[in-house]
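Engineer: Attaching a single structure in structure tokens format; questions to follow.
Read-outs throughout are calculated quantities, based only on the coordinates presented, and are distinct from any laboratory measurement. Not measured: the values here are computed from a predicted model. Cβ placement follows ideal geometry from the backbone for every residue including glycine, while neighbour counts extend to all protein chains displayed.
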Amino acid sequence: MNAVAVIREGEGPEVLLVHGGASPETTWGALAPLRARWTLALVYRRGYPPSPPPPDGRQDFEVDAADVASLLDARPHIVAHSYGVLGTLTAATRAPARWVTSSAGRSSMGMSRPVAARRSTVLIGAAIGFAAVNPKKLRGSKTYTIAFGLWAVFVACRVGWAFIFS
């Protein structure tokens with residue numbers, strides 16, 4: 001099976017960005033300024049050119065998991081969205097020592113535009129949260145726990161704020 005396409009831009013530790021139903025550019029375009037500190041690796045899932053089509057012409061999350069697993073040798077940070085989450089989490093649980101941190105956002109399908117915008121803001125905030133944390137410090141479990149706790153507080157406050165003022 002042919003490998004999926006990955007376009008890497010920027011300098012620094014790698015952040016593997018796995019899109020969902022929209023293209024990588026649509027999903028991750030707002031993160032472009034992070035290229036100054038991070039290598040953003042945009043994964044083109046099967047069926048999204050320049051990657052090959054999915055086998056049998058349909059999406060398969062096991063195939064997605066194998067594709068993502070093949071990209072974990074550099075121990076990247078992983079950020080996934082929507083359909084990209086399923087294959088990414090499967091790959092990450094099969095090889096926990098091959099990645100540093102992960103964040104996953106869910107689909108906005110079936111939501112009103114304001115709710116989808118709030119959820120997208122939370123996802124982008126989580127991705128930007130990776131940029132605020134020194135990746136060298138994440139190797140220690142105590143620091144990782146603190147970083148994760150701060151991220152969780154940020155998300156809880158952001159979601160609470162969004163629902164209070166909606």
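Engineer: Under 11 Å from the Cβ of T39, count the other residues' Cβ atoms, weight Lys and Arg +1, Asp and Glu -1, and hand me the total.
Structural biologist: The answer is 0.
Engineer: Working out 0.36 nm times the residue gap between A30 and A95, then minus their Cα-Cα distance, what length gain in nm do you get to one decimal?
Structural biologist: 20.5 nm
Engineer: Can you tell me the FRET efficiency between E62 and E9 if r is taken as the Cβ-Cβ distance and R0 is 25 Å, rounded to the nearest 0.05?
Structural biologist: 0.30
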